[in-house]
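K.L.:
This is the structure, below, for whatever I ask next.
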Amino acid sequence: MADAELRNADASGESQATETKSPLRVLFCHGLESGPTGKKVRHLEVHFAEVRCADMGMSLYSLGKENSLTRSFFPTFWQTSPWQWGAAAAEDSLTDALKSSVFLLVCSLLRGHVDSDKENSLTRSFFPTFWQTSPWQWGAAAAEDSLTRCLEIQRAAIADFNPDVVVGSSWGGGIALLALAEGLWSGPTVAIAPALHRVLRDAGELKYKWAEVEQRLAASAHCLTLVHGVADNTIPIADSETLAAAIHCELVRVDGGDHWLNDALLNGRLRELVVQRHEAYEASTM
């Protein structure tokens, strides 16, 4: 559905939706390349009295997004201007070395600047993600950093907004699952094509391990609805099917649905799923 079509569809039902807006407070966790003005957020704003979407600054490749996987992979680069990269690396080495002595500082600068075996060398300060882990774990370290930063953003949003329901899509769906697993959120949750399993499978696991996440999610099965398109070519529906079978949570399969599910959900169906998940949660806690 094009943006113009979405605006027209939402506008045509806006007066009716305004009269029948659900009083639920909805926190939306956006996808990898989306943000607070995405289609699902705008749609939710038509149907719910209060909607919040915290900007996670996420992207796969965009250097302008502060929590992107690319920036997590090369943190020294993106924390400073390009002409300051060398200075930032030197500053890191200087700070650590000064904790010991001026002598160690001189050694670090004169002998360690090209020696990757030196823990405070300029080379290691330039690429900190590389030297904190083994080479085959660089992707896992970058993914962990992005996941942790996004999780912290959602933790703050949950504390500030006090939502009734959390909804997440793709990367945001994965963050919603992680919030449940980490105990940062314990209420009704709708996760649309959650990407967490694929991220950990493809990038590798360090702090966050899928088997442990899945195990902890079992205690939150009564809170969770998974929604997944059968024709999703980005995140396989098998990921959601496996999770649903393991923890016995609800799974809504969307026949013919792609990864984004805009055509399938932005016709009032997303509103129904959110309200139904909240009602089921309330019934399970009575």
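The values are calculated or read from the model by the stated rules, or taken from the named source; none is laboratory data. As the structure is a prediction and not an experimental result, all values here were calculated from the model. Reconstructed Cβ throughout: ideal geometry from the backbone, glycine too, with neighbour counts over all protein chains shown. What goes into the accessible areas is simple: the full protein's heavy atoms, side chains included, and nothing from ligands, DNA or RNA. Shrake-Rupley method; radii C 1.70, N 1.55, O 1.52, S 1.80 Å.
K.L.:
Rank-order 177-185, 234-242 by packing density, defined as the average count of other C-beta atoms within 10 Å over each peptide's residues, highest first.
P.N.:
The densest-packed peptide leads the list: 177-185, 234-242.
K.L.:
Sticking with this one: Please find the FRET efficiency linking R25 to T234, where r is the Cβ-Cβ separation and R0 is fixed at 35 Å, and quote it to the nearest 0.05.
P.N.:
0.75
K.L.:
Hey, another quick one. How large a share of the accessible area of the range 204-276, in percent, is made up of carbon and sulfur atoms when the probe is 1.4 Å and the other protein chains stay in place?
P.N.:
Ligands and nucleic acids excluded, carbon and sulfur give 49 percent.
K.L.:
While we're on this one: What is the packing order of peptides 169-176, 45-52, taking the mean over residues of other C-beta atoms within 10 Å and listing the highest first? Provide the component values of the computation, followed by the final result.
P.N.:
Details: 169-176: 29.1, 45-52: 19.0.
The packing order, highest mean first, is 169-176, 45-52.
K.L.:
Next question, about the same structure. In the range 171-256, if the dipole is taken from +1 on Lys/Arg beta carbons and -1 on Asp/Glu beta carbons about the Cα centre, which of L206, A195, H222 is farthest to the positive end?
P.N.:
Positive-most Cα among the choices belongs to L206.
K.L.:
Hey, what's the Kirkwood Rh for the range 141-246 if you take every pair of different alpha carbons, in angstrom?
P.N.:
13.7
K.L.:
Quick one: if you stick a label point 7 Å off each Cα along the C-beta vector at K207 and V275, how many nm between them?
P.N.:
Distance between label points: 3.9 nm.
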